[in-house]
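A quick write-up on the structure given underneath.
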Amino acid sequence: MTNQAQPDTSVPTHPTPIRTQQPGGRSPRRHNAGMTPRRSPVTPVAPGPGQESVWDYPRPPALQESTRHVVVKCGDILIAETRSAWRVMETSHPPTWYLPPTDVRHDRIRRSAVRSTMCEWKGAATYWDVAAGDVAAGDLAAGDVAAGDVAADGVAATDVAPGHAGSASWREAAAWSYQTPTPRFVPISGFLSFMPSAVECYVDGERVLPQAGGFYGGWITSDVVGPFKGEPGSWGW
């Protein structure tokens, strides 16, 4: 861990500046306290100029604000667009990007019926289906989340609770949020992250590649190098 948190207005250079303080030198944020890089059991890819290695990320994960241009689409349909995202960065994983709910089209999401699980770092999470076509009237969820209606990131998008038939117009569990996360991750309360295997995600115009394996929701861009967890042989990372 290094010090002094600021929004990443450009692609960070190696080593990655995982920051713990607010802009302007204010006191450190508790949600990044105590994080240290984890020793790698593999040989990391050497980052080039303007790149960062996921093996420099800490565990528990770090949070970093970003002013980069983040866009989520389903085909020609805009789902979300922001310059106020947060990145969550964990050893061996490409970052997950969390977008503020005010920058997400709530007419294109509904609460999913995916089974509830827990994230060991962030707590209980809520899955959301994303509309990929015409949406029937009344087929949308309210913006608030009912108590107990939780799931967690890392659950496959096809893992749907019994009795939920789904629809050809919806991509099941293509997004998730933490409505009441653990104290470390309070800054991303209610923010949404999207599975790049289910929808099209872009960072500064670059199309994001999904993390391998279909289980995790990391965003792979050209400025991040691995190897990444989820690839064959990476179970124990």
Exercise for review: Those residues that are within 19 Å of Arg171 (Cβ to Cβ) and surrounded by fewer than 17 Cβ atoms within 10 Å (Cβ to Cβ), I need them from the range 214-233; list them, please.
Suggested key: Gly214, Phe215
Point to revise | Close pairs (7 angstrom Cβ cut-off, 6 or more residues apart or separate chains): surrounded by 15 or more Cβ atoms within 10 Å (Cβ to Cβ) in the range 103-125, of a type in the set (D, E, K, R) and modelled with pLDDT of 95 or more anywhere | key: Asp103/Glu81; Ile109/Asp129; Arg110/Asp129; Ser112/Asp129
Exercise for review: Read through the list (1) within 13 Å of the chain's Cα centre (by Cα); (2) of a type in the set (A, V, I, L, M, F, W, C); (3) under 19 Å from Met195 (Cβ atoms), then give the number of the only condition that Ala62 fails.
Suggested key: (3)
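The values are calculated or read from the model by the stated rules, or taken from the named source; none is laboratory data. Just so you know, these numbers come straight off a predicted model, no measurement behind them. Neighbour counts are summed over all protein chains in view; Cβ atoms, including those assigned to glycine, are modelled from backbone coordinates with ideal geometry.
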